[in-house]
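Everything on this sheet refers to the single structure shown next.
Derivation of every value follows stated rules applied to the coordinates shown; laboratory data play no part. Please read these numbers as outputs of a predicted model, since none were measured by experiment. Cβ sites come from the backbone with ideal geometry, for glycine too, and all protein chains shown count toward neighbours.
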Amino acid sequence: MTSLQIGPIEVGTPVILAPMAGVTNAPFRTLCRDAAAGALPSERAAELEGNPAPVGLYVAEMVTSRALVERTPESMRIISHDEGEGVRSVQLYGVDPATVRAATRMLVTEDRADHIDLNFGCPVPKVTRKGGGAVLPWKSELFTRIVTAAVQATEGSDVPVTVKMRMGIDADHLTYLDAGKRAQDAGVAAVALHARTAADYYSGTAHWDAIAALKEAVTDVPVLGNGDIWSAEDALAMVAHTGCDGVVVGRGCQGRPWLFADLVAAFAGSDDRIQPGLGYVTNVIRRHADLMVAHFGEELKALRELRKHMSWYLKGYVVGGEARAALGMVSTLDELDERLGALELAQPYPGEGAEGPRGRAGTPKVPHVPQGWLDSRAIDAGLREMLAEAELSVSGG
């Protein structure tokens, strides 16, 4: 498969790390990026020498436009990047065109991003009940105004804007084809589709046929597919099934940053795959911990943030419940070393037990939308005022 072009950015391997709240901070992005770079065949590495992002894009956690304009400490932390990140990718969420424009302009004029992605995929009820996230494209003119505002705010720069969205609110209120064409016409550099509706949440099977339909409808810019990529083989199958130009990987890499090594190998035509024993996994956990401490500057905070990753890392391995619970409560690097060292590190790769779906799934949900939201695709003054409350520090997609 050829490389992916997003505006002026050439991505040698067409793989993007999806932004995930509390997961895709700078330390985790480093693990994924380094795994991918280490898997690049030497001849391909030579071919791509000098490319700032030869083996994928790695998007930071979502940040709300309002918080960014207000420069809250958390928003500024979210958009912080390590020196090793060749392309600084930021995902922005907003419901007000003026605020999105201001946040985008801030990122551009202060040289804080090389790529900006707009989130229209969040299915979280506290967002959708205010008309934000995955239900916002139903208000088609508002969607167009937000995307246009962001694109216009990057004029005169080399920063491309992309859009990530879901199929729509539910099976009776699909918006992705219309939104994809509107985003293309507004000047975005790519469109990504998580092939589920807000009602699907993270349940069931992603509807890859929708990605294929979007690829047929949007012809001027790349179309990226997202949903149920648990392995490199899944990524290749999605591309073959849909014709999409690249893949966006979310939950599949939780506890498996080395999945990006598999993806790079697969897209290069190699059958090489990392099948780590437990010793390999614990070494990655320890490096993750060091990166987190350096990032947060506080050992206790860093280890608390690491706790959520433990069950993902240990999926499929023979680790007793008591040991898992203890690792899920680590507070210091010394505790981490002691508890990792007590495991049976010689365990080989467990195969199927370590593979497949991971992370949150849940069940389908009736989407929470504002009263009268579905009556029209236009927006009135009352709904516009209510939308201002939708910019909350939550993420998803």
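Apply the a/c threshold of 1.5 to the C-alpha gyration tensor of the range 76-181 and tell me whether it is rounded, prolate or oblate. Can you show the working numbers first?
Values: a/c = 2.10, a/b = 1.75, b/c = 1.20.
Taking the square roots of the gyration eigenvalues as a ≥ b ≥ c, the range 76-181 is prolate.
So if I place +1 on the C-beta of Lys and Arg and -1 on the C-beta of Asp and Glu, and nothing else carries charge, what would the dipole magnitude of the chain be about its Cα centre? I want it in debye, nearest 20. Intermediate results must be reported in sequence, preceding the final value.
Values: 38 positive and 51 negative charges, 215 e Å.
The dipole of the chain has a size of about 1040 debye.
Count the DSSP beta bridges whose two residues both fall in the chain, then state the antiparallel fraction as a percent rounded to the nearest 5. Show your work: numbers first, answer last.
On the way: 4 of 35 bridges.
Close to 10 percent.
Check Leu118: other-chain or 5+ apart residues with amide H under 5 Å from its amide H, H built from backbone geometry?
Leu92, Thr162, Val163, Lys164
List the lysines whose Cα sits under 26 Å from the Cα of Lys315, skipping any in the same chain fewer than 8 residues away.
Within the straight-line limit of under 26 Å, Lys315 reaches these lysines: Lys301.
Considering the options Thr144, Val23, Gly246, tell which one lies farthest towards the positive end of the dipole of the chain, charges being +1 on Lys and Arg and -1 on Asp and Glu at the Cβ, about the Cα centre.
The residue sitting farthest along the positive end of the dipole is Thr144.
Which is farthest toward the positive dipole end of the range 315-391 among Pro357, Pro367, Ala346, measuring Cα position about the Cα centre, with Cβ charges +1 (Lys, Arg) and -1 (Asp, Glu)?
Pro367
Would you mind telling me the antiparallel percentage of the DSSP bridges in the range 103-213, rounded to 5? Walk me through the intermediate numbers first.
Numbers: 1 of 11 bridges.
Here the antiparallel bridges make up roughly 10 percent for the range 103-213.
Pairs to check: Lys130/Lys365; Lys126/Lys164; Lys139/Lys181; Lys164/Lys308. Give those whose C-alpha atoms are more than 21 Å from each other in this structure.
Numbers: Lys130/Lys365 16 Å; Lys126/Lys164 19 Å; Lys139/Lys181 14 Å; Lys164/Lys308 25 Å.
Correct reply: Lys164/Lys308.
Quick one: grab the alpha carbon gyration tensor of the range 239-375, order the square roots of its eigenvalues as a ≥ b ≥ c, and give me rounded if a/c is under 1.5, else prolate or oblate depending on whether a/b is larger than b/c.
Details: a/c = 1.92, a/b = 1.27, b/c = 1.51.
Because a/c hits 1.5 or more and a/b fails to exceed b/c, the range 239-375 counts as oblate.
What does the helix-only formula give at 222 nm for the chain: each DSSP H stretch with n ≥ 4 adding -39500 (n - 2.57), the total divided by the residues, and the result rounded to the nearest 500 deg cm²/dmol? Show your work: numbers first, answer last.
Values: 17 runs with 158 residues, N = 397.
Dividing the helical sum by the residues of the chain leaves -11500 deg cm²/dmol.
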